[in-house]
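Here's the structure, in structure tokens; my notes come after.
The values are calculated or read from the model by the stated rules, or taken from the named source; none is laboratory data. Please read all numbers here as calculations on a predicted model, not as lab measurements. When we count neighbours, we look across all protein chains shown, and the Cβ atoms used for this are built from the backbone with ideal geometry, even at glycine. With ligands, DNA and RNA removed, areas are computed over all heavy atoms of the protein, side chains included. Shrake-Rupley method; radii C 1.70, N 1.55, O 1.52, S 1.80 Å.
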There are 2 protein chains.
Amino acid sequence: MRVIVDAFGGDNAPLEIIKGAAEAAAEYKVEISLAGREAEIRRVAGENGISLEGIAIVDAPDVIGMEDEPKSILREHKNCSMAEGLRRLAAGEGDAFVSAGSTGALIMGATFLVKRIKGVSRAALAPLMPGDKGPFMLIDSGANVECRPEMLLQFAHMGSIYMSSVLGDGKPARVGLVNVGTEDTKGGELQHEAFALLRESGLNFVGNIEARDIPANAADVVVADGFTGNVILKMMEGTADVIMRNVKGIFLTNLRTKIAALLVKPYLKDFKKKMDTSEYGGAPLLGVSKPVIKTHGNSKAPAVKNAIRVAAEFAGKGVIEQIAAAVKPASAEESAEG
Amino acid sequence: MRVIVDAFGGDNAPLEIIKGAAEAAAEYKVEISLAGREAEIRRVAGENGISLEGIAIVDAPDVIGMEDEPKSILREHKNCSMAEGLRRLAAGEGDAFVSAGSTGALIMGATFLVKRIKGVSRAALAPLMPGDKGPFMLIDSGANVECRPEMLLQFAHMGSIYMSSVLGDGKPARVGLVNVGTEDTKGGELQHEAFALLRESGLNFVGNIEARDIPANAADVVVADGFTGNVILKMMEGTADVIMRNVKGIFLTNLRTKIAALLVKPYLKDFKKKMDTSEYGGAPLLGVSKPVIKTHGNSKAPAVKNAIRVAAEFAGKGVIEQIAAAVKPASAEESAEG
């Protein structure tokens, strides 16, 4: 597999990206291309003793920042590392693309430079989240603030295919619709119509799920509009952050509690690892015609390495082809209607 | 203050409700009326050695359950304890009402039997939530799944008045609008329009807040439509639940970790208390013309006692009058337009 990596995306670029890419190149059977300012990549690698052996560089003079307008990836910043990487992906010079840069720019760039799969109405950002019994997928986590019921149905199909192909054992993933109660009649118009579509979808639809049950793995694929999904993602992060900070504070109170900390340290570390989303390698952008992975803006080398591994798996499991096949009937119907 | 308590609402009714009411009657300067089947109340109190001295009983033959349709409080179950309590409240036989029963029925009953404050378009359920630095208010937590921007503005006014009058030191409460980012342009139509209204509201509006920052007290009054609010409430509960369960599991691993548990026990207990919403006494139903408090369905005696204390404070601080004054101009404008 050939993975193109945006060397200038995220808070820790380019050093941590280069480091993660070098580690992935050494550890996995992947060919890596780093997109970005070639001279700077070589200098940073040299200064930090990172070998670039077997890693290609795709020179790109510009960088798109977090503060830049997403659409500037098509205009002022059309020569940034993210845009250049996406163009190479579209041209078939790589099998997957990874970036820790601006989410908005990546969605915009992927949609217009790589294009959506035929029949998909919107691409969705679908992070893997830390559930009590293992990861679950949240789709959409914020790419589409306002959604129609048919979009939620497509999200469910795409998420289900990804989860059973890449993470699952082929068993159909359990799909749940986020709602304010489990009864069929709960929610607003969007939920009512999406529920009806999901029930008839042929997916392993477990019905409405309440947010309370999401962290305990109520579903493998948690379907929501992007506004709600964004709130779910960030409430989980914010709540976990406050609790873990308080627990840490308790252990630092005095000598007794510091001794307690030493006694539970290995177990607490395992738990933190379970809760650490960087282990999962980021969020696939589903609905785009090539595999694109968004890693967290604060990703360090291990998260980048994991994202490259996941990108290669994403490309190797035929997910795009399966999504194309799943959305085809809807597309055909649409044309028939139109 | 005279507080009417629904003796037959919630999972632990009537015993825990009666117990909590008796404790509140002994501890606070409140006159309590228990609404429900008089014979059963007297029997349960007698069997459990609970003194009903100074507590009045408002006989009501029927009970409304969690599985009953909310609107049945106006029809089949019009003689339930909740309906009878609300009618007595409306008639001025009490200053506030507390129930741990069905949220839907309580909203329906309060709206139609007690009525909304003139000018308020919808009542909102506004629980106090455990933030890192103290409680914050979430409004609306689920009473109104679909909202218009003007409703969010009213929620902000009502929440702000409650927080600065009942919990605050009179300082204007910080009001935040839940959104997918902090920039003014984020979100959908509802957020854009609500943002514009809030900016001009005269409230202490801190702007858009991301869900990630809610548990760390980004605002004292967290404003959202009821669908989003419900997701916030339940994600916080669900995430905290999974983490605390895992932490507990770590402490139970082996002898070493059990020793660690003993060493941190008092501090962990303090933290759990900080996270325990039953300390806050429940959720005011704001916008109704008399103070109504909804306590959690699983409330035990201490939560009921706290709810009665909070109900008396709610009634004593002129919150209803202040809300009536705050929404009056909007109402006058509406009539002028109509």
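Would you check if there is a residue in the range B:162-182 being within 14 Å of another protein chain (Cβ to nearest Cβ) and open to solvent by 10 Å² or more (accessible area, probe 1.4 Å)?
yes
Being closer than 16 Å to B:GLY297 by Cβ and touching a residue at least 24 places away in the same chain (Cβ under 8 Å), is that true of even one residue in the range B:116-124?
No, the conditions are met nowhere in the range B:116-124.
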If B:LYS317 passes every condition in (1) open to solvent by 70 Å² or more (accessible area, probe 1.4 Å); (2) within 14 Å of chain A (Cβ to nearest Cβ) but one, which one does it miss? (2)
Residues to consider are B:PHE136, B:PHE155; find the one that is open to solvent by less than 40 Å² (accessible area, probe 1.4 Å) and part of a helix (DSSP H, G or I). B:PHE155
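Go through the range A:36-75 and give me each residue that's exposed (fewer than 13 other Cβ atoms within 10 Å of the Cβ), in a loop (DSSP other than H, G, I, E, B) and of a type outside the set (S, T, N, Q). Before the answer, list the steps.
Looking only at the range A:36-75, we keep the residues that are exposed (fewer than 13 other Cβ atoms within 10 Å of the Cβ), and these are A:39, A:43, A:46-49, A:51, A:53-54, A:61, A:67, A:75.
Keeping just the survivors that are in a loop (DSSP other than H, G, I, E, B) gives A:48-49, A:51, A:53-54, A:61, A:67, A:75.
Result: A:GLY49, A:GLU53, A:GLY54, A:PRO61, A:GLU67, A:ARG75.
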Restricting the range B:218-240 to residues that are within 9 Å of chain A (Cβ to nearest Cβ) and in contact with a Lys or Arg (Cβ under 7 Å, 6 or more places away or on another chain), the one surrounded by the fewest Cβ atoms within 10 Å (Cβ to Cβ) turns out to be B:GLU237
Between residues in the range B:139-162 that are in contact (Cβ under 8 Å) with a residue 12 or more places away in the chain and residues that are among the acidic types (Asp, Glu) and part of a helix (DSSP H, G or I), which pairs lie under 9 Å by C-beta distance while being six or more apart or on different chains? B:GLU146/A:GLU189; B:ARG148/B:GLU193; B:PRO149/B:GLU189; B:PRO149/B:GLU193; B:GLU150/B:GLU193; B:LEU152/B:GLU193
Does A:LYS258 fit the bill of being within 14 Å of chain B (Cβ to nearest Cβ), open to solvent by 80 Å² or more (accessible area, probe 1.4 Å) and at pLDDT below 95? no
I'm checking my understanding of the structure. Among residues of the range A:241-250 that are more than 7 Å from chain B (Cβ to nearest Cβ) and not basic (Lys, Arg), which one is nearest to the chain's Cα centre (by Cα)? A:ASP241
Which listed residue, of A:TYR267, A:TYR280, is more than 8 Å from chain B (Cβ to nearest Cβ), out of contact with any Phe, Trp or Tyr (no Cβ under 8 Å at 6 or more places or on another chain) and among the aromatic types (Phe, Trp, Tyr): A:TYR280
Residue match in the range A:172-181 (condition: in a helix (DSSP H, G or I) and touching a Leu at 6+ places or on another chain (Cβ under 9 Å)): no
